[in-house]
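Notes follow once the structure below has been shown.
The values are calculated or read from the model by the stated rules, or taken from the named source; none is laboratory data. These numbers come from a predicted model, not from an experiment. For neighbour counting, all protein chains shown are included, and Cβ atoms are generated from backbone atoms with ideal geometry for every residue, glycine included.
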Amino acid sequence: MRTPPLLLILMLAACPDTADDDNPGAKVGEFGVGVFRYRCTAPGDPLCLDGVSTAQDFPEALARGSQIDLEFSWQDDEDHRNEPLPELQSATSDRLRDDGARFTALEPGFVAVIAVTGNSQVVELVHFEIAEIDELRAVPSPVTDFPAPLAQLDLVTGEERALQGLVVDIHDVQLGGIIPYSWASEDPTVLEVVSGGSTGRVRVRAVISGATNLVLTQGERTLTLPVLVEPGDAFTTGDPTSDGSSDGSSGSSGSTTADTGTTDDTDSDTSGGSSGTSGGAL
Amino acid sequence: MNRLLPLFALLAAAACQPRYDGIELTLTSTPPVPVRISGTEIELPLGVAVAVDVEPQSSSRFNYYEDDPLELRSQDRAILRVEITEDPRIFVLVAVSPGETCVDIEVVGDDHGCIPATVLAKPN
């Protein structure tokens, strides 16, 4: 017997609807009445796709030293119509300093954020974990669920590639939070930074045949990616006019190699680079 | 005999009231690390906040009413904050900085001592 379409529609409409289903970026509070979302405010944030206002997935942990913009909403707007949104407060400024809706993760550990109404009632609470950054990585952009870290870039002349910088903790968990990144080519005559050099997401272009390094810097950490450019007739991967957000996984003959990259916890010499070496995402 | 009637009335009224016999704290939220919450001890790691349901106990056969006024107050909010919620029997304890303090208990306007509270720098 065929299921009538109307019946199917009714069955779908009867399914429970939660914020988690609507948006995996929603972290439901422990009282179950409010939802916290990670706002995308920094260009090139690895948790955020271009043009979206909140992250697709709420981060499991925040990077120490990072900042986060939180958005609160009620699970059921009808129950709170015309009510002002509660103020979000950190449990302790020793660990998570709050400045309005922006929080700065200061030290590792768990920390609560409470939502407080104008009459001083706590209406919701949530806990976040803050973790030390263990490793800086470069991965193809856009980021997939389990991105393999790049260790080398093989390109052909004229080819463009979008890359994403991100940080993980000691358990290999990608950390959230706004942190400054910068990218620099040690030899811009071979590889040039097209856009996003001072954000987490960069677009580079192979100019002429040769070898150089692409250096990703995050705070005191640096990651040096060897780059080899060979002659070829490449087509551009992704939209060259975008801010390094298009798919960099394809190319005529270029390839990427994982797991042999060089990371360094100290500042490296990027004096040979010419673009995108200053500033941060903040 | 008639002079003693008001006294009898007072005694009878007192006998029909709950007699404070401690307080019971029940955790109603799910902290990410272990905490110790009871009517005689509060121990939270720094940064953690928990919701607790507070129930005054009575040793008489008359229990407290749900709407009997109940207040918990931290003696040092720089160490531990005690915040109210929409439910007058549910409070949120917030571990602000490492140290020791005490949470005062007031039930139906009467003080009933305090619960020792410790905020740990790290989870146990």
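Just to be sure, is A:ASP22 modelled with pLDDT under 90, acidic (Asp, Glu), under 25 Å from A:LEU166 (Cα atoms) and not assigned by TED's automatic domain parsing to the domain that holds A:TYR181?
no
Could you run through the range A:98-112 and say how many residues are surrounded by 24 or more Cβ atoms within 10 Å (Cβ to Cβ), hydrophobic (A, V, I, L, M, F, W, C) and within 9 Å of chain B (Cβ to nearest Cβ)?
Result for the range A:98-112: 2.
Only one of (1) among the aliphatic types (A, V, I, L, M); (2) modelled with pLDDT under 95; (3) buried (at least 18 other Cβ atoms within 10 Å of the Cβ) is not met by B:LEU93, so which one is it?
So B:LEU93 meets the others, but not (2).
Of all the strands (runs of 3 or more DSSP E) wholly in the range A:130-192, which have at least 1 residues that are under 27 Å from A:ALA112 (Cα atoms) and over 12 Å from the mean Cα position of the chain (by Cα)?
A:135-140
When residues of the range A:120-141 are filtered for being among the acidic types (Asp, Glu) and facing chain B (nearest Cβ under 10 Å), how many remain?
The qualifying residues number 2.
Within the range A:32-43, is there a residue that is free of Cβ contacts under 8 Å to residues at least 40 places away in the same chain, within 19 Å of A:GLN121 (Cβ to Cβ), within 12 Å of another protein chain (Cβ to nearest Cβ) and not charged (D, E, K, R)?
no
Has the range B:58-73 got any residue that is under 11 Å from the mean Cα position of the chain (by Cα), buried (at least 17 other Cβ atoms within 10 Å of the Cβ), within 20 Å of A:VAL126 (Cβ to Cβ) and more than 9 Å from every other protein chain (Cβ to nearest Cβ)?
No: zero hits.
With the range A:44-97 as the region, which strands (runs of 3 or more DSSP E) entirely inside it contain at least 1 residues that are surrounded by 21 or more Cβ atoms within 10 Å (Cβ to Cβ) and β-branched (Val, Ile, Thr)?
A:67-74
Among the residues of the range B:24-47, write down those that are away from chain A (no Cβ under 14 Å) and more than 16 Å from B:LEU72 (Cα to Cα).
Listed by number, the list holds a single entry, B:ARG36.
Within the range A:134-153, is there a residue that is under 30 Å from B:PRO98 (Cβ atoms) and not hydroxyl-bearing (Ser, Thr, Tyr)?
Looking for residues that are under 30 Å from B:PRO98 (Cβ atoms) and not hydroxyl-bearing (Ser, Thr, Tyr), one finds at least one in the range A:134-153, hence yes.
Just to be sure I understand, how many residues within the range B:46-104 are part of a strand (DSSP E or B) and either aromatic (Phe, Trp, Tyr) or touching a His at 6+ places or on another chain (Cβ under 6 Å) (or both)?
Residues meeting the conditions: 1.
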